[in-house]
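Q: Sharing a structure with you now.
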Amino acid sequence: MKKLIIIIIATTFAVLPQFLNAQVKTVKSGGKKEVLDRSVRPQPAPAPVINIGKYESFELDNGLKVFVVENHKIPRISYSLILDYNPVPEGNMAGMADFAGQMLRTGTTNLTKDELDEAIDFIGADLSTSSTGVYASALKKHNGQLLTLMADIVMNPSFKEEELAKLKTQAISGLKAQENDPDAISDRISKLLVYGAAHPYGESMTEKSVENISADHCRAFYQAFFKPNIGYMAIVGDITKAEAMDLMQKHFGNWKKSEVIQFMPETPALPASNIVAIVDRPGAVQTALRIGYPVDLKPGSEDAIKARVMNTVLGGGTFRLFNNLREDKAYTYGAYSQLNTDKLTGRFNVNTEIRNSVTDSAINEVFFEMRRIREELVPEDELSLVKNYLNGNFALSLERPQTIANFAISTARYGLDADYYANYMKNLAAVNAEDVRAVAGKYIKPENAYILAVGKAADIAPRLGQFTGGKAIRYYDFNGKEYDPNTRVKPAPEGMTAENVLKSYVNAIGGEKALNKIKDMTMMASTTMQGMTIGFDFYRKSPNKYMMKVGAGEMVFQKMVFDGTAAKLISPMGGENKVLEGNELEDMKVEAEMNQELHYAKLGVNLTLEGIEEADGAECYRVMLTYPSGKQSTQFFDVKSGLKVKELSEQGTATFGDYREVNGVKFPFAISQQMGPQTIDLKVLSIKINSKLKDDLFNIN
Amino acid sequence: MNTFRKAFLLVISLLAFILTSAQNRIDFTEYDLDNGLHVILHQDNSTPIVAVTISYHVGSKNEDPERTGFAHFFEHLMFEGSENIGRGEFDKIAMNAGASLNANTSFDRTFYYLLLPSNQLELGLWMESERLLHLRIDSIGVETQRSVVKEERKQSYDNRPYGTLMEKTFSAAFKEHPYRWMPIGSAESINNATLEEFMEFHSIFYVPNNATLSIAGDIDVESTKKLVQKYFGDIPRGTKEIYRPDILEPVKTAEVRDTVYDNIQLPAVVQAYHIPAKGTPDYYALSMLTTLLSDGESSRMTKSIVDKQQKAMFVGAFPFALEDPGLFLVFGIVNSGVAPDDFENAINEEIAKAQQEELSDREYEKLRNKVENDFISRNSTMAGIAESLSDYHMYFGDANLINTEIDRYMAVTKADIKRVANQYLTKENRVVLYYLPKQTL
């Protein structure tokens, strides 16, 4: 969330990277008479010698490997501890390692969270923890205290259940927000496709998996993997090697080593041919597109630098994919590719967001660019632009001493040649167009990709059939569960009709007799909608008077009144005030009818039984209702209980549960209604029947 | 014995402080060219890179209220090319030289930077002098950037959750002063602007006597001076009057409250209090007050409202320091199930506490340690040093504040912090905005 705040503040400064490709014109000579000929572009001075900064290293008896980069410009020291273990599949506890990492910062056996927070802030330090390590930094004068705190966190975390509970609450809110975020959905499903559910890289946290995690699980994880013998400590700043040796021995010398099991997941295979997957977002106006597959490309391997050049030409910045899809076709605001190296399994991935109507054209253009880089040699000026750009990135990154520490750790972790980074620029300069085509042939696979489209299935599915090679499109939900959209609805048994379904529903809630005894009804409900407690009061009077009030405390936000013939929407706090007309009025007439289920024929509502479909784990009859206004809704009635459990309409999904009996009639006491991106959970507080409501309650004036 | 220990600790911390200042000193040379361009050079040969930055003393506050967004629009036009640099080539030349570049526009100034390998210093000076001397502004460039800026506005403000928050806050807080609009300006005024107006704007504000050229990195001072003279020396001084608003925002007499409905999941609350300009003594006290309230997990609002009461996902107090008097902002996003007024009450309780109780010695020491850490850590990159030197010169006429501004923070006493909390964080001096999810009922 802090990031969000920073973005909000930063936006005010309107920082904008200027990467706008446009028509290139040749440089004209300046027309003015000037002493200096400004049309002459200055030539670079002789290239400076680029020294990769020096580092020192040593190892403690417990196996902790330490790297020291001295930099005395600022009296500050930072410590970055990384634990090098292969991630483990977490199954029904996905997300557990993340929680364990966060919990390290929430208290030790010596300090409560409050004490720890105060001690870190008191010395003005930064200290953060994750599932793979701990970062800490402070001014040199607080160095002793900083290391005491860091070592305490690393060696004596307390894993208190109440601290985990706070983190879980936050994570679940985060997941709720993600359900409406196409980027987050694409991330979850594309890694599932590329790596598979059994691979730790393919897993994502779900509400269920979060619930399954306990503090004991987190502690067990910590005990298995937070060991010095798989640790790399990078120390950067105002410190010498001799000082670092003493301090590491003093603070981390007692950290006990023990064997760590390195899990080896099965290497995911390339799909034999392209596979298309969809996550359906019925309201989406854009498609989030990912095209990717696993690659076997290890950090520091012989191909790594060539592959980096090749991917940059293709889409690692404002290059080919960007120029084609944005500058030329205007399908999108941006289009990029990544080719990641990894010790276990790397990944190629293209990402872009496009209009629904060009989803197929965009995929064709991505494949066009993927084929082009495999087949054609990159023109020399394009290659040299990319190499210069990468060379500059590398040189400029050396300003940060952390870069040197990262180089040192990567060299040790991945077993690179000692001079791998020293030779980096030389090897980059040596990459030629043939190399680029060769690595493209090896790592760019336009025939073996997972194509994931997160968008409106009804619009985009027909456009995607051409990419599957005759296979069916796969459908996934947010949690990665695959379903078959064609077998979702099964035919209803012979002889069953929509009228029968409605009849058994009426019987299930108490029967026609009991329903007809209702002369008026008062229902109070409330929800905590995005932070506010909001009350919903509903009043109905037979045959068709209706009033609904929405408000908080004494405030009334909106009121809807129907007096049997006319309806009005009133917004006392500002907003819309209007008399309902046309279709809106027609819909209101149906809505206001007491026990509308008994009167559909009279109201002109048409019913169609569409079949049997599973809804929230139960078999349901699916009935389509068409109202006089032309609007439609789909209702789901539990085959066993007969009760209505779900309704799909224009606004989104509504569910009904917790049926309770009042005056011999069952009413749902838990109603949830989707409204655009949010879901409102309505809790019924009370229902009163026949309390003799007065007619003037429904007066529209 | 105890007293002795305290004295000892004091001496130790003083020593450490002196050492720090000595080690961390940023040396620089500064002078003016005949045309008024102010030049600042900082030499550091440890890495072969150089930051070439130029800052123009024009931000959104210098704009005509009918033509908001001009300063920021210029930031875009400045990448369009010049007499000797074709359209779209500016980026390519930079990339080919292995350089990175960017720019930003604030209420008070516009800042451009190029970070280059040090053997490309001359190229960087040529590029910056080109667009100062003869920027190419034509209708193609203006039209292209018009649509880009409109997309930028949609993406960063209109289409982003809470994206209009600063805009709404500033327009509610300022009625007279030009801080009432954002640097991005209004889409309408950019639409209505003519090519002539853009050229006029350039000729007033994009002149050497309104700019600071700040260079930091692997340079030799004497030869750099010669190169600066070569590329910037013959650029003519501006002749038009540079508009600097002299508008005093009237003192508020009553609290302003408003509600904004936005496409968001969780409500947010903003309080904005008017405060003095940056660089004033009270500004430093207010800045330390924000540290007390929300910097770090143990800060008062974070600990009490986020961690203990769990009323908010986030809460922060920020000193939004500007050249003219600015705002002290308190902003938070409430947790699901919490009423915004409940959250605002929690904020008010913490403010009242800061107004009524003096902070403890330990808490005061914590603030000073945090401020010191932030100050010292700030100048770790060449681009950062060049920008700081430039800002200190432009706002205060004293680039050496890069070394000495910490003293102004350290001069703030516990009593000062309590006093400014009482003086500025009053009900009548504030604007309160509630951001609520759009009602879709």
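The values are calculated or read from the model by the stated rules, or taken from the named source; none is laboratory data. What you see is a predicted model; the values in this text were computed from it and never measured. Cβ sites come from the backbone with ideal geometry, for glycine too, and all protein chains shown count toward neighbours.
Q: Which pairs turn up if I take residues in segment B:137-151 that are polar (S, T, N, Q) and look for partners that are surrounded by 15 or more Cβ atoms within 10 Å (Cβ to Cβ) with beta carbon separation below 8 Å, at least 6 apart in sequence or on another chain?
A: From segment B:137-151, the pairs are B:Thr144/A:Leu20; B:Thr144/A:Ala22; B:Thr144/B:Glu80; B:Gln145/B:Phe73; B:Gln145/B:His76; B:Gln145/B:Leu77; B:Gln145/B:Glu80.
Q: For residues that are surrounded by 22 or more Cβ atoms within 10 Å (Cβ to Cβ), within 13 Å of chain A (Cβ to nearest Cβ), among the hydroxyl-bearing types (Ser, Thr, Tyr) and under 25 Å from the mean Cα position of the chain (by Cα), tally how many sit in segment B:56-100.
A: 2
Q: Would you pick out the residues in segment A:258-276 that are in contact with a Lys or Arg (Cβ under 6 Å, 6 or more places away or on another chain) and touching a residue at least 60 places away in the same chain (Cβ under 8 Å)?
A: A:Val260
Q: Can you find a residue that is buried (at least 19 other Cβ atoms within 10 Å of the Cβ), of a type in the set (Phe, Trp, Tyr) and either within 14 Å of chain B (Cβ to nearest Cβ) or closer than 23 Å to A:Val350 by Cβ (or both) anywhere in segment A:448-458?
A: Looking for residues that are buried (at least 19 other Cβ atoms within 10 Å of the Cβ), of a type in the set (Phe, Trp, Tyr) and either within 14 Å of chain B (Cβ to nearest Cβ) or closer than 23 Å to A:Val350 by Cβ (or both), one finds at least one in segment A:448-458, hence yes.
Q: Being among the hydrophobic types (A, V, I, L, M, F, W, C), assigned to a loop (DSSP other than H, G, I, E, B) and closer than 20 Å to A:Cys620 by Cα is the filter here; which residues of segment A:469-516 pass it?
A: Selection gives A:Ala492, A:Met496, A:Ile509.
Q: Still on this structure, I have one more. May I ask you to list pairs of residues, at least six apart or on different chains, whose Cβ atoms are under 6 Å apart, with the first in segment A:441-455 being at pLDDT 95 or above and the second being buried (at least 16 other Cβ atoms within 10 Å of the Cβ) and of a type in the set (D, E, K, R)?
A: If the second residue must be buried (at least 16 other Cβ atoms within 10 Å of the Cβ) and of a type in the set (D, E, K, R), the pairs left are A:Gly441/A:Arg374; A:Ile444/A:Arg374; A:Leu452/A:Arg290.
Q: Further question on the same structure: Yes or no: segment B:420-438 includes at least one residue that is assigned to a loop (DSSP other than H, G, I, E, B), within 14 Å of another protein chain (Cβ to nearest Cβ) and among the β-branched types (Val, Ile, Thr).
A: The answer is no; no qualifying residue exists.
Residues checked against (1) hydroxyl-bearing (Ser, Thr, Tyr); (2) at pLDDT 95 or above; (3) in a loop (DSSP other than H, G, I, E, B):
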residue	(1), (2), (3)
B:Phe198	no, no, no
B:His202	no, no, no
B:Ser214	yes, yes, no
B:Ile219	no, yes, yes
B:Lys226	no, yes, no
B:Tyr231	yes, yes, no
B:Thr239	yes, no, yes
B:Ile242	no, no, yes
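Q: When the residues of segment B:357-388 are narrowed to those that are small (Gly, Ala, Ser) and part of a helix (DSSP H, G or I), which ends up surrounded by the fewest Cβ atoms within 10 Å (Cβ to Cβ)?
A: Here the answer is B:Gly384.
Q: Can you list the helices (runs of 4 or more DSSP H) found entirely within segment A:338-424 that contain at least 2 residues being away from every other protein chain (no Cβ under 14 Å) and in contact (Cβ under 8 Å) with a residue 12 or more places away in the chain?
A: Correct list: A:359-375, A:401-413.
Q: Related question: Would you mind stating whether B:Val338 is outside the structural domain of B:Gly163 (by TED's automatic domain parsing), assigned to a loop (DSSP other than H, G, I, E, B) and hydrophobic (A, V, I, L, M, F, W, C)?
A: Taking the combined requirement at face value, the residue satisfies it.
Q: Here is a further query. Sort out for me the strands (runs of 3 or more DSSP E) sitting completely within segment B:29-130 that have 1 or more residues that are of a type in the set (A, V, I, L, M, F, W, C).
A: B:38-43, B:49-56, B:100-105, B:110-117
Q: Here are some residues: B:Leu329, B:Leu367. Which one is within 11 Å of chain A (Cβ to nearest Cβ) and closer than 30 Å to A:Asn143 by Cα?
A: B:Leu367
Q: So, one more: Evaluate the following for A:Phe159: is it among the hydrophobic types (A, V, I, L, M, F, W, C) and on the phi > 0 side of the Ramachandran plot?
A: Criteria met by A:Phe159.
Q: Only one residue in A:Phe407, A:Phe368 is out of contact with any Cys (no Cβ under 9 Å at 6 or more places or on another chain) and surrounded by fewer than 18 Cβ atoms within 10 Å (Cβ to Cβ). Which one?
A: A:Phe368
Q: Of the residues A:Gln286, A:Gln249, only one is among the polar types (S, T, N, Q) and over 30 Å from A:Tyr336 (Cβ atoms); which?
A: Sole residue among the options that is among the polar types (S, T, N, Q) and over 30 Å from A:Tyr336 (Cβ atoms): A:Gln249.
Q: Could you name every one of the helices (runs of 4 or more DSSP H) located completely within segment A:113-229 that has at least 2 residues being under 15 Å from the mean Cα position of the chain (by Cα)?
A: Passing ranges, in order: A:161-178, A:182-195.
Q: Further, regarding this structure: Within segment A:513-548, track down each residue that is among the acidic types (Asp, Glu) and free of Cβ contacts under 8 Å to residues at least 40 places away in the same chain.
A: A:Asp537
Q: Evaluate the following for A:Thr318: is it in a loop (DSSP other than H, G, I, E, B) and at negative phi?
A: For A:Thr318, the condition - in a loop (DSSP other than H, G, I, E, B) and at negative phi - is met.
Q: Pairs please, first residue from segment B:215-226 and on the phi > 0 side of the Ramachandran plot, second anywhere and small (Gly, Ala, Ser) and at pLDDT below 95, Cβ atoms under 8 Å, 6+ apart in sequence or on different chains.
A: Hits for this filter: B:Gly217/B:Ser118.
Q: So B:Thr290 fits all but one of (1) within 11 Å of another protein chain (Cβ to nearest Cβ); (2) surrounded by fewer than 23 Cβ atoms within 10 Å (Cβ to Cβ); (3) closer than 28 Å to B:Arg180 by Cβ; what number is the exception?
A: All conditions pass for B:Thr290, except number (1).
Q: Another one. Determine whether segment A:620-635 contains at least one residue that is farther than 25 Å from A:Thr522 by Cα, touching a Gly at 6+ places or on another chain (Cβ under 6 Å) and assigned to a loop (DSSP other than H, G, I, E, B).
A: Yes, because at least one residue in segment A:620-635 is farther than 25 Å from A:Thr522 by Cα, touching a Gly at 6+ places or on another chain (Cβ under 6 Å) and assigned to a loop (DSSP other than H, G, I, E, B).
Q: Can you pull out the residues in segment A:43-86 that are among the basic types (Lys, Arg) and modelled with pLDDT of 95 or more?
A: A:Lys65, the sole residue that qualifies.
Q: To continue, here is another question. Just need a number here: residues in segment A:238-264 that are surrounded by 12 or more Cβ atoms within 10 Å (Cβ to Cβ), of a type in the set (D, E, K, R) and in a loop (DSSP other than H, G, I, E, B).
A: Matching residues across segment A:238-264 total 2.
Q: Across segment A:583-629, what is the number of residues that are closer than 30 Å to A:Ile700 by Cα, free of Cβ contacts under 8 Å to residues at least 12 places away in the same chain and of a type outside the set (S, T, N, Q)?
A: Total meeting the criteria: 3.
Okay, residues lined up against (1) aromatic (Phe, Trp, Tyr); (2) part of a loop (DSSP other than H, G, I, E, B):
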position	(1), (2)
A:Phe557	yes, no
A:Val561	no, no
A:Pro572	no, yes
A:Glu586	no, no
A:Lys602	no, no
A:Tyr659	yes, no
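Q: Suppose we filter B:Asp398, B:Asp391 for residues that are surrounded by 15 or more Cβ atoms within 10 Å (Cβ to Cβ), within 22 Å of the chain's Cα centre (by Cα) and either within 11 Å of chain A (Cβ to nearest Cβ) or under 28 Å from B:Arg244 (Cβ atoms) (or both); which single one remains?
A: Sole residue among the options that is surrounded by 15 or more Cβ atoms within 10 Å (Cβ to Cβ), within 22 Å of the chain's Cα centre (by Cα) and either within 11 Å of chain A (Cβ to nearest Cβ) or under 28 Å from B:Arg244 (Cβ atoms) (or both): B:Asp391.
Q: Could I ask something else about it? Name the pairs: first residue in segment A:112-124 and at the interface with another protein chain (Cβ under 7 Å from one of its Cβ atoms), second residue of a type in the set (Phe, Trp, Tyr), Cβ to Cβ under 6 Å, at least 6 apart or on different chains?
A: Taking only residues 6 or more apart or on different chains, not a single pair turns up.
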